[in-house]
Amino acid sequence: MSYAGMRGYLNVGEMTAVLDDAVTAQLAATANPMERIGLNLAQPSIKRALAADDLSSQLTDLAFAELFLSLTPMGGAVAPAAAGLNEAAFQESLVAQAIAQNQVDDICADYERQLTRHDDRGDRAITGAAARNGAAALAALSRANRQYEAVSEAYLENKPNCPEWGIATFDGYYEGTVNFLGIISGIFKVCAQEDDAGAITGDIYIEIEASGEYMGGPITEATNSSATGISVVNGVFTVQIGDLSIPILIQEWKYDPAADTWIGTIYVEAQKTTGNITLKRMSDLPCPDGWNEKPM
């Protein structure tokens, strides 16, 4: 299916109407029985495509129409109209692909996997369409758009549930949770001070009561940057386990003003493990006595 030298943007609905007119005109003009059979079989599918509510349904019906039109060579304007329709279908599908990718990029991490699954399927289908012609190409484009429509549906459903990030200083005493692999969870505490340049100093303490692990240590390097228009904390802290000093990465902690929480991850390089973090500011400095000590 070659689209080299595509002209300006073509609309599937408009090109379907052009094809419908061409089929109607050719039915009035031809006496060829095979041609009339193909035209009569194609026209109901074209009419359904004109009434369809979404691009994937349109393209499914148009794939059947083009299959019937391919039964025998068609005269009049039918063949040029069908070729223009295929070009329009591919152009609109590329627009749908771009919109779906933007939605995948914009959704929060909680829902990204769901959207990506549909987006990847759509991309595979649109790649397959580019290697086909006629009805086979339209059928592949229909499959692609069905997946892109699923991306948009999931995006509109889940986007309101995503946090809206804001700007805040990371300064004071914080408590929250850390969750590894969705299985192991614990209490996560931070006592931090942020200077005017956004540099953060302080200490972190982790309590994983289920496994009897209590560990903590200093923030060795961290920065709260609002260069992108929201507050994002990245850095490193170190925990001491026996004689071992283990660095742990602070990754993309962002402030959610609606919930008044910081949300992000930590990454333990030594174990190749990521933990999900949720923190809420509990008080100003100084931090409470005993905040980083093992509970009695």
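Do you know which of the residues in region 166-183 that are open to solvent by 80 Å² or more (accessible area, probe 1.4 Å) and touching a strand residue (DSSP E or B) at 6+ places or on another chain (Cβ under 8 Å) is nearest to residue 117 (Cα to Cα)?
Only one residue fits best here, namely 181.
Quick one: how many residues across region 239-296 are among the polar types (S, T, N, Q), over 17 Å from residue 179 (Cα atoms) and modelled with pLDDT of 90 or more? Break it down stepwise before answering.
Taking region 239-296 and keeping what is among the polar types (S, T, N, Q), we get 240, 245, 251, 261, 265, 271, 273-274, 276, 278, 283, 292.
Keeping just the survivors that are over 17 Å from residue 179 (Cα atoms) gives 240, 245, 283, 292.
Those left that are additionally modelled with pLDDT of 90 or more: 283, 292.
Result for region 239-296: 2.
Of the conditions (1) assigned to a loop (DSSP other than H, G, I, E, B); (2) more than 20 Å from residue 142 (Cα to Cα); (3) not basic (Lys, Arg), residue 40 clears all except one; give me its number.
Of everything listed in (1) assigned to a loop (DSSP other than H, G, I, E, B); (2) more than 20 Å from residue 142 (Cα to Cα); (3) not basic (Lys, Arg), residue 40 misses just condition (1).
Just give me the residues in region 217-228 being among the β-branched types (Val, Ile, Thr) and part of a loop (DSSP other than H, G, I, E, B), in sequence order.
228
Quick check on my filter: what residues within region 58-80 are under 35 Å from the mean Cα position of the chain (by Cα) and in contact (Cβ under 8 Å) with a residue 40 or more places away in the chain?
Once the filter is applied, which keeps residues that are under 35 Å from the mean Cα position of the chain (by Cα) and in contact (Cβ under 8 Å) with a residue 40 or more places away in the chain, region 58-80 yields 58, 59, 60, 62, 63, 64, 65, 66, 67.
Within the set of pairs 6 or more residues apart or between chains, which connect a residue that is free of Cβ contacts under 8 Å to residues at least 24 places away in the same chain and at positive phi inside region 189-201 to a residue that is of a type in the set (Phe, Trp, Tyr) and crowded, with 17+ Cβ neighbours inside 10 Å with Cβ atoms less than 7 Å apart?
If the second residue must be of a type in the set (Phe, Trp, Tyr) and crowded, with 17+ Cβ neighbours inside 10 Å, no pairs are left.
Just the residues that are surrounded by fewer than 19 Cβ atoms within 10 Å (Cβ to Cβ) and hydroxyl-bearing (Ser, Thr, Tyr), please, taken from region 184-233.
Within region 184-233, 185, 201, 211, 214, 220, 223, 225, 226, 228 meet the criteria.
Return the only residue of 263, 248 being under 29 Å from residue 163 (Cα atoms), surrounded by 16 or more Cβ atoms within 10 Å (Cβ to Cβ) and touching a residue at least 60 places away in the same chain (Cβ under 8 Å). Outline the logic, then answer.
On the way: 248 fails: touching a residue at least 60 places away in the same chain (Cβ under 8 Å).
After ruling out the rest, the residue left standing is 263.
The values are calculated or read from the model by the stated rules, or taken from the named source; none is laboratory data. Everything numeric here is computed off the predicted structure, so don't read it as measured data. Note: ideal-geometry Cβ built from the backbone for every residue, glycine included; neighbour counts use all protein chains shown. Surface areas here come from the heavy atoms of the whole protein model, side chains and all, with no ligands, DNA or RNA. Shrake-Rupley method; radii C 1.70, N 1.55, O 1.52, S 1.80 Å.
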